[in-house]
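Participant: I am attaching a structure below and will ask some questions about it afterwards.
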Amino acid sequence: MVEYGKFNDIQLDVLKEIGNIGSGNAASSLALMIGKTIDMAVPRVNMMHYSDLAQALGGPENLIVGIMIDVSDDLQGTMMFLLQKEFTHEVFNALLGTDSRDFSALSEMDLSVIQEIGNILSASYLNAIASLTGLKISISVPAICVDMVGAILSVPAIKYGDIGDEVLLIEGAFVGRDDKEDITTKLILILEESSLALLMGRLGVA
Amino acid sequence: MEKAVIVGISDLAVAKAPAVVATYALGSCVGICIFDSVARVGGLSHILLPKRNNNDNFMKFADSAIPLLVQKLEQSGAHRLRMKAKIAGGAQMFNVGKMDSALGNIGQRNVESVKAALQSEKIRIYAEDTGKDFGRSVFFNVETGVMQIKTAFNKIYDI
C-alpha cells in the first residue's frame, strides 16, 4: 500500500493514461453532441492544493459552471467538471441556438442542458475506465452550481478535508478557442485512497 | 480601501487599524471576524470543517481556529470582554439532495460549530450572513467593524 499521493513514475503514468482515456472519451462524446471539434490538453496528475486549482481556473472569484458527480461502487470518489463561461456559451449556442446568457438567472432549460452535459461527460469518462479495468462504476445525477470557483471547490475540499489540504487530482482539460490553457475547462477525478489502490491493482502497477 | 490582508483557506490573520482583512470565495466554509473597537484590532479566520480530530492544522477547524484567533487578538492588545464577532459563509453550494447528506449540510454544521465555539469563548455575534446557496467574498474593515460581502454576481452589501 502506498502513502496517499505518493506514487512512482510508472503509477503516475498509468493515472495520466486513465485521465487521458477518460477525458478523451468525454471530449469525443461532447464533440459529437455539439457538432464541433474539442481540443484537449495533455492530462496531468498532481497533488494539488485547492487554492492553486482555483488560481489555475482564473482566480478564486472567477465565475464558473461547476458540475459535481458522485462516483460509487468499485471506485469511490468525486468527478467534477469546471466549465468556463465562454465554453458554456459555446455549448449553449450549439445546442440551443442562442448565445447571450445571463449566468445569474439560468432557466430550467439551461440547467437541464448543463446537467445533460455532466451526464454525458461523466458517463463516457467512467465507462472508458470501467471497460479498461473491468470495475463496476456507478455515477449519481449531476449536481450543478454556478458561482465563484473558490466557493465551488470548497465542496471537494471539505469532502476530502480529512485526507489533507492537498488532494490527488487526475485532471484533463478542454482548450478553448483562444488557446489559453491556463484558464481552460477542467475535468477532475478525485478518488479515495482505497479506490486508487484498487485501480492500480487492476492495471498491474500496484 | 487600503490594501487588504488576504486570508487563505484554513488560515487566519490579525491586523491593527487602519486595515482590511479579506478572504475570497467562501462556499460551505465560514469566515469569522472578531474585533475590539477600543484596541482597534481585528482578525479573520477562514475555516473548512467543524471539528478537529487530531489534525495538525488548527486553523482548518472551527473549534480550534476560533480559540487560536482569540489568543492572537489578545496578544495584539485586544481584550476578550470587548470582542465582537461577525460571521459569513456556510452555504450549500450544490443541491446534493439524494447524494450525500453529510456533505449536503456541512455548511450548516460549520455555522453551528462556529457559533458554539464563539459562545464558549463568550464572544457575541453582532451580525451574520450565513447559509443559502451562494459563495461570498468577505472584506472586513478593522477600523469601522464593517464586514463587506461580495457575491459571484457582484452584489455587494455590508453587515
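Nothing in this text is a laboratory measurement; each read-out follows from the coordinates by a stated rule. Quick caveat: nothing in here was measured; it's all calculated off a predicted structure. Every residue, glycine as well, gets a Cβ built from its backbone with ideal geometry; the counts of neighbours run over all protein chains shown.
Participant: Taking 0.36 nm per intervening residue step and subtracting the Cα-Cα distance, what contour gain separates B:VAL146 from B:HIS79 on full extension?
Facilitator: Computed gain between B:VAL146 and B:HIS79 is 22.2 nm.
Participant: Please identify the trypsin sites (Lys or Arg not before Pro) of the range B:110-159 that satisfy two criteria: DSSP loop assignment and at most 10 other Cβ atoms within 10 Å. Which are they?
Facilitator: Filter output for the range B:110-159: B:LYS122.
Participant: Taking only C-alpha pairs under 8 Å that are 6+ residues apart, what is the relative contact order of chain A in percent? Please list the in-between numbers first.
Facilitator: Details: 350 pairs, mean separation 76.7, N = 206.
After rounding, I find 37 percent.
Participant: Give the residue list of trypsin sites (Lys or Arg not before Pro) in the range B:1-57 that are DSSP loop and have at most 11 other beta-carbon atoms within 10 angstrom.
Facilitator: Listed in order of number, the matching sites are B:LYS3.
Participant: Okay, moving on. Among B:VAL142, B:GLY131, B:VAL7, which residue has its Cα furthest toward the positive end of the charge dipole of the range B:4-158, with +1 on Lys/Arg Cβ and -1 on Asp/Glu Cβ?
Facilitator: Value computed over the given set: B:VAL142.
Participant: Roughly what angle does helix B:62-75 make with the longest principal axis of chain B, taking Cα atoms, 0 to 90 degrees, to the nearest 10?
Facilitator: 10 degrees
Participant: Starting from the 7 Å offset along Cα-to-Cβ, what nm value, one decimal, do you get for the label separation of A:GLU17 and A:ASN119?
Facilitator: Each label point lies 7 Å from its Cα, and together they span 3.3 nm.
Participant: Sticking with this one: For chain A, find the longest principal axis of its Cα atoms and tell me its angle to the long axis of helix A:9-34, 0 to 90°, nearest 10.
Facilitator: Tilt of helix A:9-34: around 30 degrees.
Participant: For labels at B:LEU68 and A:ASN8 in the simple 7 Å Cα→Cβ model, what's the distance in nm?
Facilitator: In this crude spin-label approximation the distance works out to 3.7 nm.
Participant: Over all alpha-carbon pairs in chain A, figure out the percentage whose distance exceeds 30 Å.
Facilitator: Details: 3467 of 21115 pairs.
Considering chain A, 16 percent of its Cα-Cα pairs are separated by more than 30 Å.
Participant: Between A:LEU111 and B:ASP158, what is the spin-label point distance in nm, taking each point 7 Å from the Cα along the Cα→C-beta axis?
Facilitator: Between A:LEU111 and B:ASP158, the simple spin-label model gives 3.4 nm.
Participant: Hey, another quick one. Would you look at the GNM of chain A, springs on alpha carbons closer than 10 Å, and say which of A:SER104, A:SER138, A:SER23 moves the most?
Facilitator: Maximum among the listed residues: A:SER104.
Participant: Taking H placed 1.01 Å from N in the peptide plane, check which residues at least 5 places from A:VAL71 or on another chain put their amide H under 5 Å from its amide H.
Facilitator: Residues meeting the criterion, in which the H sits 1.01 Å from N, are A:GLY77, A:THR78, A:MET79.
Participant: Highest GNM mean-square fluctuation, chain A, Cα pairs closer than 10 Å: which of A:MET33, A:MET109, A:MET48?
Facilitator: Top of the fluctuation ranking is A:MET109.
Participant: Also, I was wondering about something else. Taking chain A as the reference, fit the longest principal axis to its C-alpha atoms, fit the long axis of helix A:85-96 to the helix C-alpha atoms, and give the angle between the two in degrees, 0 to 90, nearest 10.
Facilitator: In chain A, helix A:85-96 runs at an angle near 70 degrees to the longest axis.
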